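J.: Structure in structure tokens, see below.
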Amino acid sequence: MPRPWRVSAGSVCSISFRTRENPMRYPVVMEVAGPLAMFARPDTGLAPTSYPAPTSTACKGMFEAIAMFADGRAWFSPRRVEICRPVGSPGGRIRFQRYTTSYAGPLRKSALVRADQQMQVMATVLADVCYRLHADIEGEPPRGGQNPAHHLQDLFLRRLKRGQCFRTPALGWREFTCSYWGTPRDGYEVDDGLDLTLPSMLTDMWDQPCGGRYRPRFAQNLCIRAGVLSYAQ
């Protein structure tokens, strides 16, 4: 059975996110929302259960859905996520619900593959979510009159304002596309009544922010305090 989240008191914990050395950082913020979200815990196996908040790699992917440089000259370094609720609504809890999807990938049983049949996967996903994602854009040092990090920040902010994107942002699984993504809205606020301790959380999938090797890392006893999970180093 998945290990339950426990509520506790204490100071804000943080998740480290490895980046290249660069003193120049350019902040960006984006709000995303949707009816369903899935940030799967690897320990839950074939019947996946979502973490109660996005991982740093999931946040990075949502920023890159708006704008990115494929050559790795600049990249997003997530700093924190704020879990939000409609202004004035009750808070202090995470909503989960059961979800069933079809799977046609290579991990099916041999008989299903031979018969060209799909299999059903039962999952536990998040419901009615809203997040404010904060990140710094870092990149190669400016040279020759070009500043890749500043360029990416400008491109990201222009696209966010216009409602443009590189691909449709999704809340974890690609089928869970955002019902809203853009600048923070006045009708939502940080859920300051939410305090959780996460026994374990995936922090990184790669050993570098761009062009890295597969090397997943986990951190233990992470904290959501007053609705905020910090990814700060």
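J.: What's the FRET efficiency of Val121 with Arg213 using the Cβ-Cβ distance as r and R₀ = 25 Å, to the nearest 0.05?
T.: Once rounded, the FRET efficiency stands at 0.30.
J.: Where in region 208-233 does the amide nitrogen come within less than 20 Å of the point 7 Å from the Cα of Val29, taken along Cα to Cβ?
T.: Answer for region 208-233: 224-233.
J.: Would you please calculate the Kirkwood hydrodynamic radius of region 46-87 over all C-alpha pairs and express it in Å, rounded to one decimal?
T.: By the Kirkwood definition, the hydrodynamic radius is 12.5 Å.
J.: Moving to a separate point now. Ala47 versus Lys161, label points 7 Å from Cα toward the beta carbon: distance in nm?
T.: It works out to 5.0 nm between the two label points.
J.: In addition: Would you compute the Debye intensity of the chain from its alpha-carbon atoms alone, equal scatterers and no solvent, and pass along log10 I(q)/I(0) at q = 0.15, 0.16 Å⁻¹ to two decimals?
T.: For the chain, the Cα-only Debye profile gives -1.07, -1.19.
Taken together, the values in this text are just the output of simple stated rules run on the coordinates, not laboratory data. Because the structure is predicted, anything quoted here is derived from the model rather than measured. Reconstructed Cβ throughout: ideal geometry from the backbone, glycine too, with neighbour counts over all protein chains shown.
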